[in-house]
1. Got the relative contact order for the chain handy, in percent, Cα pairs under 8 Å and 6 or more residues apart?
2. Relative to the Cα centre, what is the charge dipole magnitude of the chain, using +1 at the beta carbon of each Lys and Arg, -1 at the beta carbon of each Asp and Glu, and rounding to the nearest 20 debye?
3. Per-residue ellipticity at 222 nm for the chain, helices alone: DSSP H runs ≥ 4 residues times -39500 (n - 2.57), over residue total, nearest 500 deg cm²/dmol?
4. How large is ³J(HN,Hα), in whole Hz, for each residue of region 48-60 in order, when computed from phi with the Karplus curve 6.51 cos²θ - 1.76 cosθ + 1.60 and θ = phi - 60°, using x for Gly and Pro?
5. Can you work out the base-10 log of I(q)/I(0) for region 4-53 at q = 0.15, 0.17, 0.30 1/Å, using the Debye formula on its C-alpha atoms alone?
6. Using the basic label-point model (7 angstrom from Cα toward the beta carbon), what is the GLU24 to GLU40 distance in nanometres?
Amino acid sequence: MGVSVSGDDVSLASASPMNPYHAEVEENGPDRVEVKFESESAEYTVRAEVQDGILEWRVESSSEDDESDG
């Protein structure tokens, strides 16, 4: 995933998932970029935002194992 930054604004430049993932753009700026990368068994949410002039990244993950009760 690539982003462009201008001042405190951020926008999505590219999101190219590798097989078997597909990408779903949740937010495309200007405050935050958020893209979900999903496969049949896992999901990653990648966020980018500018805080005090610094580009910050956050990645969260979940899988089918996380959702099971056992």
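Every number here is computed from the coordinates shown, using simple stated rules; none is lab data. In this text, all values refer to a predicted model and were calculated from it rather than measured experimentally. A quick note on method: Cβ atoms are made from the backbone with ideal geometry, for glycine too, and the neighbour counts reach across all protein chains shown.
1. It rounds to 23 percent for the chain.
2. Taking the Cα centre of the chain as origin, the dipole is about 440 debye.
3. It lands at -1000 deg cm²/dmol.
4. Using θ = phi - 60°, the values come out as 9, 8, 9, 10, 6, x, 10, 6, 10, 10, 9, 10, 10 Hz.
5. Evaluating at q = 0.15, 0.17, 0.30 Å⁻¹ gives log10 I(q)/I(0) of -0.41, -0.51, -1.08.
6. 1.8
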